[in-house]
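Structure first, commentary second.
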Amino acid sequence: MAIWNLGSINIDQTYRLDSLPKPGETLASRNHSFGLGGKGANQSVAAAMAGAVTHHLGAMGTGDDWVLDSLASKGVDTTHIARLPDEATGHAIIMVDRDAENAIIIHPGANRAIDEAALTETLAGFSDRDILLIQNETNGQVAAAKAARAQGARVIYSAAPFDLDAVRDVLPHVSILAMNEGEAAQLFASLSGDMTVQGLLITRGSQGAEYHDLTDNQTYEQASFKVTPVDTTGAGDTFAGYFAAGLDAGLAIPGALRRASAAAALQVTREGAGDAIPTSSEVDAFLADQS
C-alpha cells in the first residue's frame with residue numbers, strides 16, 4: 001500500500017499583516033518568512049507524517065535543492081520529482097491578517113510543465129491497494145487519474161483551486177471528491193445529474209467536516225476540535241493528506257475523519273503550511289487529551 005501524489009511544489013513567501021490590503025492600498029508587513037508549500041507538497045507531507053508510504057509526483061526548477069531536502073526529511077519519496085531547466089519552481093505570495101485569514105497569489109512555474117507521458121508510465125506500476133492524490137495546481141490530472149483507475153487504485157481529488165472545467169474533465173475517473181463548502185456550493189450549482197464518484201468529502205472549517213458515501217447513502221460527520229488559530233494556510237491540505245493516510249492504513253471513514261480533523265486543528269495553531277504539519281505522535285497525543 002502506498003500514496004502517490006501528483007501535486008504542486010511551491011516556495012511560500014508569507015507576509016503577516018494587521019489586515020489584508022484593499023484594492024489600491026499599500027501596507028507594510030509585520031513579519032516575513034519563506035518555506036515549503038503548494039497544495040501537493042503539503043498533502044504529501046501530511047500523508048507521510050501520518051505514517052503512509054508517500055511518493056510525490058511533480059516538477060520543479062533546477063535550483064532550490066532545499067525543497068527536496070525538506071520533503072525527504074519529512075518522509076516523502078522525491079524520486080519522481082522532475083527537474084526542469086527552463087521552468088521556475090512554483091511559488092506563492094501569502095498574506096495573513098491578525099485573525100489568521102489569508103489571501104494567496106500563485107505562480108505555477110514547473111507545476112504546469114509536467115511530462116504526462118512519463119507520468120502515465122510511472123503510474124502503470126500502480127497496485128489496486130494504492131491511492132492517487134490529485135489537485136488543480138498541476139497539469140496531468142486526467143492522464144494520471146485514468147492510469148491509476150486502470151490499475152484499480154483509488155483516486156482522491158481535491159477540487160482546488162476550483163475550476164469547473166477541470167472538475168468536469170477529471171470527475172469520471174475520481175473515487176473520492178474532496179472540497180471545502182464554498183467549492184461544493186459552486187460545483188452543485190453548476191453540475192446536473194447524479195455524481196459518478198463513490199464519496200464526497202466536504203470540509204467546513206470551524207464547523208467540521210462530513211463524508212457522504214454515495215454507494216450506500218451513508219453520511220458521516222466530524223465536529224472540529226476547538227483551538228486558537230494562528231495561520232489557516234494549508235489546513236485543508238493537512239486534512240486531505242491525513243484522511244488519505246487513514247484510508248491507506250485501513251481506518252474506517254469515521255476514524256479517518258477524526259484523525260484528519262485533529263491534524264488540521266493542530267496545524268492551524270502554528271505558523272506556516274508544510275512546515276507546520278504535525279506528526280502522527282503529536283496527533284495521537286492531541287486526541288488523547290480530547291474528551
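Taking the Cβ of Leu17 as the centre, find all other residues whose Cβ is under 14 Å away and add up their charges (Lys, Arg: +1; Asp, Glu: -1).
Net charge in that neighbourhood comes out at -3.
Answer rounded, prolate or oblate for the stretch 130-231, using the Cα gyration tensor with square roots of eigenvalues a ≥ b ≥ c: rounded when a/c is under 1.5, else prolate when a/b is larger than b/c, else oblate.
Prolate shape, in that a/c is at least 1.5 and a/b is the bigger ratio.
So what J values fall out for the stretch 113-122 if you push phi through Karplus, 6.51 cos²θ - 1.76 cosθ + 1.60 with θ = phi - 60°, rounded to Hz, Gly and Pro as x?
Taking θ as phi minus 60°, the curve returns 10, 6, 6, 6, 5, 5, 4, 4, 4, 4 Hz for the stretch 113-122.
Give the peptides 127-135, 222-230 in descending order of average Cβ contacts within 10 Å, highest first.
Ranking the peptides 127-135, 222-230 by packing returns 127-135, 222-230.
Give me the percent of DSSP beta bridges within the stretch 48-145 that run antiparallel, rounded to the nearest 5.
Antiparallel bridges make up about 55 percent of those DSSP assigns within the stretch 48-145.
What is the fewest-to-most order of Arg154, Arg204 by other Cβ atoms lying within 10 Å of their Cβ?
Arg204, Arg154
Listing Ser8, Ser29 from the residue with the fewest other Cβ atoms within 10 Å to the one with the most, what is the order?
If I rank by nearby Cβ atoms, fewest first, I get Ser29, Ser8.
Can you grab the distance from the C-alpha centre of the stretch 236-291 to the C-alpha centre of the stretch 1-55, Å, no decimals?
16
If neighbour count is taken as other Cβ atoms inside 10 Å, put Tyr211, Tyr242, Tyr220, Tyr157 in order from fewest to most.
Taking fewest neighbouring Cβ atoms as first place, the list is Tyr220, Tyr211, Tyr157, Tyr242.
Determine, for the chain, the count of lysine pairs separated by eight or more sequence positions (or lying on different chains) whose alpha-carbon distance falls under 26 Å.
For the chain, the number of qualifying lysine pairs is 4.
Per-residue ellipticity at 222 nm for the chain, helices alone: DSSP H runs ≥ 4 residues times -39500 (n - 2.57), over residue total, nearest 500 deg cm²/dmol?
About -9500 deg cm²/dmol.
Would you kindly state how much longer the chain becomes between Thr26 and Asp289 on full extension, computed as 0.36 nm times their sequence separation minus their alpha carbon distance, in nm to one decimal?
Gain on extension, Thr26 to Asp289, equals 90.3 nm.
I need the shape label for the stretch 75-171. Rule: rounded when a/c is under 1.5, else prolate if a/b > b/c, else oblate, with a, b, c from the alpha carbon gyration tensor.
prolate
All of the numbers you see were taken from the coordinates with simple rules; none came from a lab. Owing to the predicted nature of the structure, the values given are computational and were not obtained by experimental measurement. In this analysis, Cβ positions are derived from the backbone assuming ideal geometry, glycine residues included, and neighbour counts consider all displayed protein chains.
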